[in-house]
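Below: the structure, in structure tokens.
Every number in this text was worked out from the coordinates using simple rules, so none of it is lab data. Remember, it's a predicted structure, so these values are computed and weren't measured experimentally. Virtual Cβ from ideal backbone geometry, glycine too; neighbours counted across all protein chains shown.
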Amino acid sequence: MNKSYKKDTILKLLSGMSSEKEIRKYLNRFSSDDYRFAVIKVGGAVIQNDLDNLVSSLAFLNEVGLKPIIVHGGGPKLSEELKRKNISFFFKDGQRVTSKEVLDVAFEVFSGENKKIISALIDKGVNAIPVIGNLFKCNIDNKELGFVGEIKETNSDEIKEIINSGGIPVVAPVGHTEDKQLVNINGDKATLALAQEITPDKVIFLSEIGGIFDETNKLISNINIKDDYDRLMNKDWLHSGMKLKLQQIKLLLDILPSHSSVSITKPLHLNRELFTDAGFGTLVKAGHQIDKYQNLDHEQETIITSILESSFKGKLINRYFENNKKEFYLSSCNRASIVISHNQNIAYMDKFAVINSARGEGLGNAMWNKMLSDHKQVFWRSRTNNAINNFYKDVCDGFQKYDEWSIFWIGINDLNKLTKCIDYAVKQPATINYE
Ligand code: ARG
């Protein structure tokens, strides 16, 4: 596709949502690998009630050259159809017991739902290709559930071929056993198996509600499994269906590379979720391990130097690490760092840096909270034109503006001490040089 056409499309569709720079950042990130961009699970209810938005959002991705793998469900429609046909059905441990009769209807319904998505996409000029039945090799582990397959092997060759030839695969939740018996599989399990095989950057669940909500019905924007999982699973306001989802997402993040993330959103908000830092939905990440060091080895110095230089876009002075009254926070993903210096009685935050590609995923917040839990009193400075100052103004107890610098502080109430701190901060020589 012609580059400037692509750019126009993006700007047209996303204008007003965010800066062009931010959108480009995500576009570059998602375009870096042809079939590893995303596995998108489309809930059965979305096909019934929100097909137009779904198809528009997916057509947009196609227009900017991104090829997601679509997996869909069909449960609600299947229940409807079984009722209409007077076929009785029931669930066991959340799984639909699938008799031969139910299986026949299921196959019909899933093929029908698959076709609905395919033809709506084709109408919008997307080369959507159905994948029904030959992707998942299954066993029937629990005979009591009837023709329900547990996935043993996922053969993604066909999917990769479809994407390489410019198509978007749309996968129905059916598989087959060794002896070619068709089986019903749970759509979320199919998504999990596929994600494990493909290891995509994003796994996205599109549903009608579009996220996880807290007790006041406010959308939870970020969840870090490491910090939030146990706490959330113990809340009685969290619906059992959501707990189940969160449990599955945790399993998923355990097997995906650490930069991967899961988003829950609705079709209408898909592109805002994908192409802005703030997103629109619930973003779930494995969480951030943050370690603290008093002394650094050579490798850690190199890592921190590159984090600082890339986020401040300048060069660190040579002897930066020589002063030994420093303390370093470093995220295990090596993408964020905080440096505290203890030349004063009160901690001075000398650097706070998150590299550009890691912004928007809660890493900065996690670093900040960790630092703050160790330091009840802290002060720092920031250049007056630094975009982070809005955040600093929110979190500080007070700040004072000078020509070049703003000085911020937390927890310092004694005026004498405060004056000393401000004086110290203003007088510090610059440690980053700009060309
Ligand atoms: N656009 C980024 C992504 O898709 C960040 C999304 C942030 N979303 C959120 N709900 N906090 O990974």
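Give, rounded to the nearest 20 debye, the magnitude of the charge dipole that segment 344-412 has about its Cα centre when Lys and Arg contribute +1 at Cβ and Asp and Glu contribute -1 at Cβ.
On the way: 8 positive and 7 negative charges, 7 e Å.
Approximately 40 debye in magnitude.
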Original post:
Label Lys376 and Lys292 with points 7 Å out from Cα along Cα→Cβ: what is the distance between them in nm?
Top reply: 1.4 nm
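For the ranges 140-151, 386-397, 358-369, what's the packing order if you count other beta-carbon atoms within 10 Å of each residue, average per peptide, and put the highest first?
Details: 140-151: 17.2, 386-397: 12.9, 358-369: 19.1.
Going by the mean number of other Cβ atoms within 10 Å, highest first, we get 358-369, 140-151, 386-397.
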Original post:
For segment 169-300, what is the charge dipole size about the Cα centre, in debye to the nearest 20, if Lys and Arg each add +1 at the Cβ and Asp and Glu each add -1 at the Cβ?
Top reply: 360 debye
**OP:** Determine the shape class of segment 157-203: with a ≥ b ≥ c the square roots of the Cα gyration tensor eigenvalues, call it rounded for a/c under 1.5, and otherwise prolate if a/b is greater than b/c, oblate otherwise.
**Re:** oblate
Original post:
How many nm is it between the label spots at Asn385 and Asp123, if each spot is 7 Å from the Cα in line with the beta carbon?
Top reply: 5.1 nm
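Shape verdict for the chain, please, from the Cα gyration tensor: rounded (a/c under 1.5), prolate (a/b greater than b/c) or oblate. Display every interim value, and only then the final one.
Working: a/c = 2.53, a/b = 2.11, b/c = 1.20.
Note, shape of the chain comes out prolate.
If the only charges are +1 at each Lys and Arg Cβ and -1 at each Asp and Glu Cβ, what is the size of the charge dipole of segment 298-344 around the Cα centre, to the nearest 20 debye?
Dipole of segment 298-344, to the nearest 20 debye: 160 debye.
Test of the criteria: in segment 223-280, which trypsin sites (Lys or Arg not before Pro) are in a DSSP loop and have at most 14 other Cβ atoms within 10 angstrom of their Cβ? Display every interim value, and only then the final one.
Numbers: sites: Lys226, Arg231, Lys235, Lys243, Lys245, Lys250, Arg272; in loops: Lys235.
Within segment 223-280, the qualifying trypsin sites (Lys or Arg not before Pro) (loop, at most 14 other Cβ atoms within 10 Å) are Lys235.
Percent relative contact order of segment 277-434, based on C-alpha pairs within less than 8 angstrom and at least six residues apart?
On the way: 224 pairs, mean separation 33.6, N = 158.
Normalised by residue count, the contact order of segment 277-434 is 21 percent.
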Subject >> Positive-end residue, segment 277-362 charge dipole about Cα centroid, Cβ charges, pick of Gly287, Asn324, Val339 >> reply: Val339
Subject >> Dipole of segment 78-177 [Lys/Arg +1, Asp/Glu -1 at C-beta], most positive-end residue of Ala172, Thr154, Ile87 >> reply: Ile87
Subject >> Anisotropy class of segment 324-414 from Cα gyration tensor, a/c 1.5 cut >> reply: oblate
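Below 8 Å between Cα atoms, with a sequence gap of 6+, how large is the relative contact order for the chain in percent? Please report the intermediate quantities before stating the final value.
Values: 750 pairs, mean separation 54.5, N = 435.
Here the relative contact order equals 13 percent.
What does the highest-first list of 400-407, 197-204, 126-133 look like by mean Cβ count within 10 Å?
Values: 400-407: 14.2, 197-204: 20.8, 126-133: 18.6.
Taking the mean over residues of other Cβ atoms within 10 Å, the ranking is 197-204, 126-133, 400-407.
Which entries in the list Lys100/Lys266; Lys326/Lys420; Lys100/Lys189 go over 27 Å, if you measure between the two C-alpha atoms of each?
Details: Lys100/Lys266 34 Å; Lys326/Lys420 19 Å; Lys100/Lys189 21 Å.
Distance filter (> 27 Å) returns Lys100/Lys266.
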**OP:** For Leu415 paired with Glu435, estimate the spin-label separation in nm (one decimal), with each label point 7 Å from Cα along the Cα-to-Cβ line.
**Re:** 4.8 nm
**OP:** Take every DSSP beta bridge with both residues inside the chain and express the antiparallel ones as a percent of the total, to the nearest 5.
**Re:** 60 percent
